[in-house]
Amino acid sequence: MKIMYVYILHCSDETYYVGVTNNLEQRLCQHQDGVNTQCYTFSRRPNKLVFYELFNDPLKAIYFEKKIKKWSKAKKEALISKNYDLLPGLSKKVFKKK
């Protein structure tokens, strides 16, 4: 059984980065050290870990990561703050009346 982490970093430009890894400590160091110049976080350092969740199934971890990458900033912030009751409402598209 391989353990995987889905994590969210708060970047210096007030955006969020969502990732998945099997070694959270090492991956956080890579983000902070700017190992990959092509990485989203490279020019947005320093980064702060604001959320992570552990998975025993790598496929479920990858699925969850892809899912929350598409979420709005407000919905990610609700997840980070553990305001789970807000998540369904933040999924609904609000249409403006003309």
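So the values come out like this:
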{"quantity": "Residue 73 being among the charged types (D, E, K, R) and in contact with a Pro (Cβ under 8 Å, 6 or more places away or on another chain)", "calculated": "no"}
{"quantity": "Per-region count, region 29-40, residues within 20 Å of residue 66 (Cβ to Cβ) and in a helix (DSSP H, G or I)", "calculated": "1"}
{"quantity": "For residue 85: the one exception among (1) in contact with a Cys (Cβ under 9 Å, 6 or more places away or on another chain); (2) at pLDDT below 95", "calculated": "(1)"}
{"quantity": "Candidate set: region 41-98, residues that are assigned to a helix (DSSP H, G or I) and among the β-branched types (Val, Ile, Thr); chosen: the one nearest to residue 11 (Cα to Cα)", "calculated": "80"}
{"quantity": "Residue in region 41-64 that is farthest from the chain's Cα centre (by Cα), counting only those that are closer than 21 Å to residue 79 by Cα and aromatic (Phe, Trp, Tyr)", "calculated": "55"}
{"quantity": "Filter result (surrounded by 14 or more Cβ atoms within 10 Å (Cβ to Cβ) and over 21 Å from residue 21 (Cα atoms)) within region 64-76", "calculated": "75"}
{"quantity": "Extreme residue, farthest from residue 76 (Cα to Cα), among residues of region 1-28 that are assigned to a loop (DSSP other than H, G, I, E, B) and not hydrophobic (A, V, I, L, M, F, W, C)", "calculated": "2"}
{"quantity": "Residue within region 48-63 that is acidic (Asp, Glu) and surrounded by fewer than 17 Cβ atoms within 10 Å (Cβ to Cβ) present", "calculated": "yes"}
{"quantity": "Pair list, Cβ < 8 Å and 6+ apart or interchain, from region 19-42 residues that are under 21 Å from residue 55 (Cβ atoms) to residues that are of a type in the set (D, E, K, R)", "calculated": "19/27; 19/65; 20/65; 21/27; 22/2; 31/45"}
{"quantity": "Extreme residue, surrounded by the fewest Cβ atoms within 10 Å (Cβ to Cβ), among residues of region 11-47 that are touching a Leu at 6+ places or on another chain (Cβ under 8 Å) and over 19 Å from residue 57 (Cβ atoms)", "calculated": "17"}
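The values are calculated or read from the model by the stated rules, or taken from the named source; none is laboratory data. Bear in mind the structure is a predicted one, so any value in this text is a computation, not a measurement. Here the Cβ is made from the backbone with ideal geometry for all residues, glycine too, and neighbour counts use every protein chain on show.
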